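This report refers to the structure that appears directly beneath it.
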Amino acid sequence: MADNPMLKFVGKGQAYPEKRAADDRADDFLEISRSFILDKAEEQASRCSQCGVPYCSTHCPLHNHIPDWLRLTAEGRLREAYELSNLTSTMPEICGRICPQDRLCEGNCVIEFSGHGAVTIGSVEKYITDTAWKEGWVEPLVAGKPTGQSIGVIGAGPAGLTTAEYLRAAGHEVHVYDRHDRAGGLLTYGIPGFKLEKDIVMRRVQRLKDGGIVFHENFEVGRDATLEALRDKHDVILIATGVYKPRDIRAPGVGAPGVVKALDYLTASNKAGFGDAVPEHEDGTLLATGKNVVVIGGGDTAMDCVRTAIRQGAKSVKCLYRRDRDNMPGSQREVANAEEEGVEFVWLTAPIAFEGTDHVTGVKVTKMRLGAPDASGRRAPEPDPGSEHTLEADLVIKALGYDPEELPKLFGADDLSVTRWGTLRVDHKTMMTSVDGVFAAGDIVRGASLVVWAIRDGRDVTEHMHRYLKAKAKVAGERVAA
Ligand code: FAD
């Protein structure tokens, strides 16, 4: 009987691709992990136990067929592995790089629970799709038979791009509007290159452009057109604009020069990475070089800021978080990477004032202690009296999360309903907003979330939009016939 290629988790240990040394990677914005080589990808895939109920797949928002493509990889059938993984995801190589696998597929892998260490699913996913690109297995986007119907997608992030791809493949004319000069949303201008190199994103965007999707860059809905004007132009609209209103701190001195917003800081850095002229780098306002940097926040955005500051050559980088390490929302993997690169985490500490007259010179902070659990179930931090002190700072980056912008006002569309959190209210059976023919997906519906959820929403909303368009075409056909 042929040897079973799978279930090798007892004999073969868990391995991730090698990470570049911290002092090497702290000088550039290239990804920190090297890729698997073929033998290693096959070996790691062969550790999968092929369990009857694959929790990895259940806990993947896309329900990727993980055990099946791991098996194909272990058998050396890489092209089929790629084809299968591509069936459920529009950007598997991106998810392989930036999904928090420790909380999703890998965190729920059965062999993780049995103490053998999860299959390194994300790294295998990245490997098979990178190989597909290299080998030319990634097919061009081919538009289906023309339907004569036109779609307007507002927002070129992962949600909007996913819908654009699927609806183009179904034969519709697709126009994507984005206020930035490049598509990709937070994949392009939020997430730094050391987590996701930009040519990986641009390669995906180019494939969509080559497939006939029309991109209108530097086009801000609200400034360059109202929602109504786009509705007149297209048969159906998708709003996938993400969430961009930064949460602020209420403390004296918060408006001082040198206290900046995380996304402004990261966007400037990503633009510089593309080789663009960045005035805020030239005048130093959004550059950490030679500065004592304090980043406030404990989520993934804060982690991206501290690690960017290291790469820009900051004198010191501190991350302030009001809870402790166990209660932070950001990924532990990213904290470990940041610590290796020289970031100092100041746990249980919150800002109470920003010092300096012409420019920030320091952050006055208080120590915090954890009290009783709050409504979210996490222990609420409370100030520890008498513990106030000042941390030296010439650049303070606020990374406290994002809320939705006021879309009804921005889009000139009072009939667009929102929830009490400001996210767009959709009918969950159809994903349509309160405005007929206007659908919504991604962070603007969920609130700040994950790339993989944006892709899932983009996939789901496609079905609803397609059904709506078919019904619309049928009514139009009946009218002509009558
Ligand atoms: P977005 O990606 O935000 O795209 C929305 C697009 O709409 C943008 O391009 C924007 O320019 C455009 N837009 C907005 N308003 C208008 C308008 N009026 N007119 C025209 N265009 C408009 N998730 C992960 O899974 N892993 C990570 O490692 C990770 N890291 C992150 C790091 C940072 C710094 C941030 C901020 C988020 C991170 N996330 C991460 C979250 C993830 O990026 C988002 O959940 C995801 O990008 C949401 O996709 P989206 O398509 O809904 O919106």
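The values are calculated or read from the model by the stated rules, or taken from the named source; none is laboratory data. From a predicted model like this one, the values you see are computed outputs, not experimental measurements. In this analysis, Cβ positions are derived from the backbone assuming ideal geometry, glycine residues included, and neighbour counts consider all displayed protein chains. We work out accessible area using only protein heavy atoms, side chains counted, and drop any ligands, DNA or RNA first. Shrake-Rupley method; radii C 1.70, N 1.55, O 1.52, S 1.80 Å.
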Worksheet item: Tell me, in nm to one decimal, what length is gained between H389 and D23 on full extension, where the rule is 0.36 nm per residue of separation less the Cα-Cα distance?
Response: 128.6 nm
Discussion item. Rg over Rh of the range 268-344, using C-alpha atoms and the Kirkwood radius, what does it come to?
Written reply: 1.00
Response to the item:
Here D for the chain, in µm²/s, from Stokes-Einstein with a Kirkwood Rh over Cα pairs at 37 °C and 0.692 mPa s, works out to 136
Worksheet item: Hey, what number do you get for the chain at 222 nm if only DSSP H runs of n ≥ 4 count, each worth -39500 (n - 2.57), divided across all residues, to the nearest 500?
Response: -10500 deg cm²/dmol
Discussion item. Can you tell me the mean projection area, over all orientations, of the convex hull of the range 308-369's alpha carbons? Units nm², please.
Written reply: 5.0
Worksheet item: When the scattering of the range 22-135 is computed by the Debye formula from its Cα atoms alone, each counted once and equally, what is log10 I(q)/I(0) at q = 0.12, 0.14 Å⁻¹?
Response: -0.39, -0.53
Worksheet item: Stokes-Einstein D for the range 410-456 at 25 °C, 0.890 mPa s, Kirkwood Rh over Cα pairs, in µm²/s?
Response: 220
Worksheet item: Mind ordering 182-190, 398-406 by average Cβ neighbours within 10 Å, highest first?
Response: 182-190, 398-406
Fill in: Candidate lysines for bridging to K472, where Cα separation is under 27 Å - those fewer than 8 sequence places away on the same chain excluded
K145, K209, K233, K429
Worksheet, complete the sentence: The whole-number value in µm²/s of the Stokes-Einstein translational diffusion coefficient for the range 249-402, with Rh from the Kirkwood sum over alpha carbon pairs at 4 °C and 1.567 mPa s, is 82
Worksheet item: Which FRET efficiency, nearest 0.05, do L87 and C51 yield, Cβ-Cβ r, R0 22 Å?
Response: 0.55
Response to the item:
So S35 and D403, fully extended at 0.36 nm per residue minus their Cα-Cα distance, gain in nm 128.9 nm
Worksheet item: Quick one: how many Å² of W133 are accessible to a 1.4 Å probe, rounded to 10?
Response: 60
Practice prompt. Could you order F113, F194, F219 by accessible surface area, starting with the largest, using a probe radius of 1.4 Å?
Written response: F113, F219, F194
Discussion item. Please compute the contact order of the range 22-135 in relative form: average sequence separation of alpha-carbon pairs under 8 Å and at least six residues apart, divided by the residue count, as a percent.
Written reply: 30
Fill in: Contour excess over end-to-end distance, with Cα ends at R250 and A372 and 0.36 nm allotted per residue
41.6 nm
Item to complete: Show me 38-44, 424-430 ranked by packing, highest mean number of other Cβ atoms within 10 Å first.
Response: 38-44, 424-430
Response to the item:
One quarter of the C-alpha convex hull surface, i.e. the mean projected area of the range 365-482 in nm², amounts to 12.3
Worksheet item: Kyte-Doolittle mean at least -0.5 and Cα extent at least 27 Å along the axis: which DSSP H helices of the chain qualify?
Response: 451-481
